[in-house]
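Reading through the C-alpha cells given below for one structure.
The values are calculated or read from the model by the stated rules, or taken from the named source; none is laboratory data. None of the values given here were measured: they were computed from a predicted structure. Here Cβ is always computed from backbone atoms with ideal geometry, including for glycine, and neighbour counts include all displayed protein chains.
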Ligand SMILES: N[C@@H](CCC(=O)N[C@@H](CS)C(=O)NCC(=O)O)C(=O)O
C-alpha cells in the first residue's frame with residue numbers, strides 16, 4: 001500500500017492527501033515534521049535525507065516534492081482526466097504547478113512563517129513580511145485576472161486537474177490569513193467552486209491555513 005510520510009497539517013502534505021481522496025486511493029500515513037517526530041531523526045533520514053515532508057513510498061519507490069508526487073500518482077493510476085496526456089493540455093497544467101512553487105509561493109512563505117507559524121527566522125521581520133504581502137497579493141491579482149478572463153471554473157478551464165491542487169492550497173492560505181487584501185471576486189468564486197469538492201473540504205479548506 002502507498003505510504004505517506006508527513007504531518008497532515010502541512011500545506012505540501014495536504015496536496016498529496018487531497019489527491020488521494022480525489023482518486024479514492026488507500027494509503028498509510030506516518031506523522032513526521034514540525035510538532036511531531038523531527039525529520040532529522042535517523043529513521044526519517046534513511047527514507048529521505050532532504051528532511052522535508054511529504055515523502056511517499058510506493059512499492060519500494062521513494063519520492064519527495066509534493067508536485068512531483070501528485071503528478072506521479074495521477075499517472076501511476078492512469079488518471080489522464082487529472083493530468084492530461086495531450087502535450088499542450090499537460091503543459092498548461094504544469095505551468096500552474098510551477099507557478100505554485102515559484103511566484104505563487106514566494107510571498108506566502110514570509111507571511112505565513114512571520115505572522116502565523118512565528119518561526120524565529122521570520123517573526124518580527126516586518127519589512128520581509130510586508131514585501132511578502134505585496135508580492136503574494138500581486139500574484140493573486142494575476143490569478144484573479146486569469147480566472148475572470150477564462151471564466152474558469154478551474155485554472156485550466158472546465159475540468160479539475162492536478163494544477164488546482166497547489167493553486168487551491170495557496171488560495172486557502174491567502175484567504176485564511178489576516179492582513180489587508182483587495183477584492184478578488186474571481187478568486188473567491190474559484191474558492192467556492194473548489195469547496196464543492198469533498199476532498200478539498202477535507203484536506204484544503206479544512207480550517208487550517
Ligand atoms: N518543495 C517541497 C517543500 C516541502 C516542505 O517545505 N515541507 C514542509 C511541510 S509543508 C516541511 O517539511 N517542513 C519542515 C517540518 O515540518 O519539519 C514540497 O513541495 O514538497
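Numbers for the structure displayed
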item: Candidates 91, 68, 95, filtered to the one that is in a helix (DSSP H, G or I), out of contact with any strand residue (DSSP E or B) (no Cβ under 9 Å at 6 or more places or on another chain) and assigned by TED's automatic domain parsing to the domain that holds residue 7; result: 68
item: Total residues in segment 26-35, condition surrounded by fewer than 18 Cβ atoms within 10 Å (Cβ to Cβ) and either within 21 Å of residue 161 (Cβ to Cβ) or more than 7 Å from the ligand (Cβ to nearest atom) (or both); result: 6
item: Count of segment 37-48 residues which are within 13 Å of the ligand (Cβ to nearest atom) and either outside any loop (DSSP other than H, G, I, E, B) or touching a strand residue (DSSP E or B) at 6+ places or on another chain (Cβ under 9 Å) (or both); result: 6
item: Any hit, segment 36-45, residues being within 27 Å of residue 139 (Cβ to Cβ), free of Cβ contacts under 8 Å to residues at least 24 places away in the same chain and surrounded by 14 or more Cβ atoms within 10 Å (Cβ to Cβ); result: no
item: Any chance residue 57 is surrounded by fewer than 16 Cβ atoms within 10 Å (Cβ to Cβ), away from the ligand (no atom under 11 Å from the Cβ) and assigned to a strand (DSSP E or B); result: no
item: Yes/no for residue 102 being under 24 Å from residue 170 (Cα atoms), assigned by TED's automatic domain parsing to the domain that holds residue 138 and out of contact with any strand residue (DSSP E or B) (no Cβ under 7 Å at 6 or more places or on another chain); result: yes
item: The lone exception for residue 19 - which of (1) within 14 Å of the chain's Cα centre (by Cα); (2) within 30 Å of residue 124 (Cβ to Cβ) it fails; result: (2)
item: Evaluation of residue 81 against (1) touching a residue at least 60 places away in the same chain (Cβ under 8 Å); (2) crowded, with 17+ Cβ neighbours inside 10 Å; (3) not in a helix (DSSP H, G or I) (one fails), failing number; result: (2)
